[in-house]
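The values are calculated or read from the model by the stated rules, or taken from the named source; none is laboratory data. Model, not experiment: these values are computed from the prediction. Neighbour counts are summed over all protein chains in view; Cβ atoms, including those assigned to glycine, are modelled from backbone coordinates with ideal geometry.
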Amino acid sequence: MQSDQDKEALKKEILKLKKDRKAILLAHNYQISEVQEIADFLGDSLELSKISKAAKEEVIVFAGVRFMAETAKILSPKKKVLLPVQEAGCPLAEMIEPEQLIELKQKYPDAWVVSYVNTTAEIKALSDVCCTSSNAVTVVKNVPVKKVIFVPDKNLGWWVQKNVSEKEVITWPGFCFVHEYFSLKDLEETRRIHPEAEVMVHPECIKEVLENADYVVSTAGMLKKAKESKAKKIIVGTEEGMIYRLSKENPNKEFYSLGNAKVCTNMKRTTLSDLRRALIKDEYKVDLSPETIDRAQIALERMVSYV
């Protein structure tokens, strides 16, 4: 366990290394608090995708999971992208293999493939357009076809179908382990304890939770709703790291997890020591084939053009 003094020393060293390397540090909202505090930009997948493309720095250090670092590399292929913890993966992204998507495409040849950004680079390369939790509904509304194959998250796919009833959404049975654990019982019990609170949940939650929440929003949407809301207490149905940022940006409001706090262990892997090592040793470089980058770029660029 590092002392506060050690952490502060590490932060100073990372800031210096970052300056010397002409690097930018991007961190997802679910990262541990000390990583959030030192990031140049903190956000959700869509925000960080846009920032990685626009960044002028030569090196991108991504405090997140592999698919996020891959997305940064696809959007900025000439830049060096580092994922500090090689093992930081996403089980949801790994729930569909390229062969399975190819089979789906053959079964529904007239459909467009809309892939959640929580997918591998190979899946993005097989997709017509990507989306995030914040823009999935908008993207599906904009595609020029009536039928879409939505991969890999079934819950987000259900939410899209509910909001884009004029189109047929064929979903893949993937899910996020963290959000799948939030239950209707959690929601009902938390409302009983905090009857005056508003409830906002991530669209990766199960159908019953989505149907009974006050708001269904991405992490970026949660930040906006929290600032706009007149409620003094807000219940949050997403990974517990989000509560740290919400509390920091809204000190006059109270935030509670929907049931027991849910933790994404992969998002919590990255430490200050990992960031330091990444900047010193160039660990771990994200490498993708030019063909994968070119094909995946089309899907990602389409996503950005729709929003």
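In segment 209-231, is there at least one residue being within 21 Å of N155 (Cβ to Cβ) and in a strand (DSSP E or B)? Looking for residues that are within 21 Å of N155 (Cβ to Cβ) and in a strand (DSSP E or B), one finds at least one in segment 209-231, hence yes.
Results for (1) outside any loop (DSSP other than H, G, I, E, B); (2) in contact with a strand residue (DSSP E or B) (Cβ under 7 Å, 6 or more places away or on another chain); (3) surrounded by fewer than 18 Cβ atoms within 10 Å (Cβ to Cβ), shown as yes or no for each residue.
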{"site": "P109", "(1), (2), (3)": "no, no, yes"}
{"site": "S127", "(1), (2), (3)": "no, yes, no"}
{"site": "P144", "(1), (2), (3)": "no, no, yes"}
{"site": "F150", "(1), (2), (3)": "yes, yes, no"}
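Could you go through segment 189-201 and let me know if any residue there is in the same structural domain as N142 (by TED's automatic domain parsing), more than 23 Å from the chain's Cα centre (by Cα), on the phi < 0 side of the Ramachandran plot and surrounded by fewer than 16 Cβ atoms within 10 Å (Cβ to Cβ). Within segment 189-201, none of the residues are in the same structural domain as N142 (by TED's automatic domain parsing), more than 23 Å from the chain's Cα centre (by Cα), on the phi < 0 side of the Ramachandran plot and surrounded by fewer than 16 Cβ atoms within 10 Å (Cβ to Cβ).
S229 falls short on exactly one of the conditions (1) touching a strand residue (DSSP E or B) at 6+ places or on another chain (Cβ under 7 Å); (2) of a type in the set (S, T, Y); (3) under 30 Å from W112 (Cα atoms), and that condition is (3).
Residues in segment 233-257 that are among the small types (G, A, S) and either outside any helix (DSSP H, G or I) or surrounded by fewer than 16 Cβ atoms within 10 Å (Cβ to Cβ) (or both): G237, S247, S257.
How about segment 211-240: which of its residues are out of contact with any Ser or Thr (no Cβ under 8 Å at 6 or more places or on another chain) and charged (D, E, K, R)? Scanning segment 211-240 gives E211, D214, K224, K225, K227, E228, K230, K232, K233, E239.
Yes/no matrix, rows are residues, columns are (1) surrounded by 19 or more Cβ atoms within 10 Å (Cβ to Cβ); (2) assigned to a strand (DSSP E or B):
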{"site": "F62", "(1), (2)": "yes, yes"}
{"site": "I74", "(1), (2)": "yes, no"}
{"site": "P91", "(1), (2)": "no, no"}
{"site": "E94", "(1), (2)": "no, no"}
{"site": "K105", "(1), (2)": "no, no"}
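The set of residues in segment 1-21 that are surrounded by 13 or more Cβ atoms within 10 Å (Cβ to Cβ) and outside any helix (DSSP H, G or I) contains only Q2. Selection within segment 156-188: residues that are aromatic (F, W, Y) and outside any helix (DSSP H, G or I). The member of this set that is surrounded by the fewest Cβ atoms within 10 Å (Cβ to Cβ) is Y181.
Does T219 meet the test of being assigned by TED's automatic domain parsing to the domain that holds E47, among the hydroxyl-bearing types (S, T, Y) and either surrounded by 14 or more Cβ atoms within 10 Å (Cβ to Cβ) or in contact (Cβ under 8 Å) with a residue 40 or more places away in the chain (or both)? Criteria not met by T219. With respect to the conditions (1) modelled with pLDDT of 95 or more; (2) exposed (fewer than 15 other Cβ atoms within 10 Å of the Cβ); (3) not hydrophobic (A, V, I, L, M, F, W, C), N260 lacks only one, and its number is (1).
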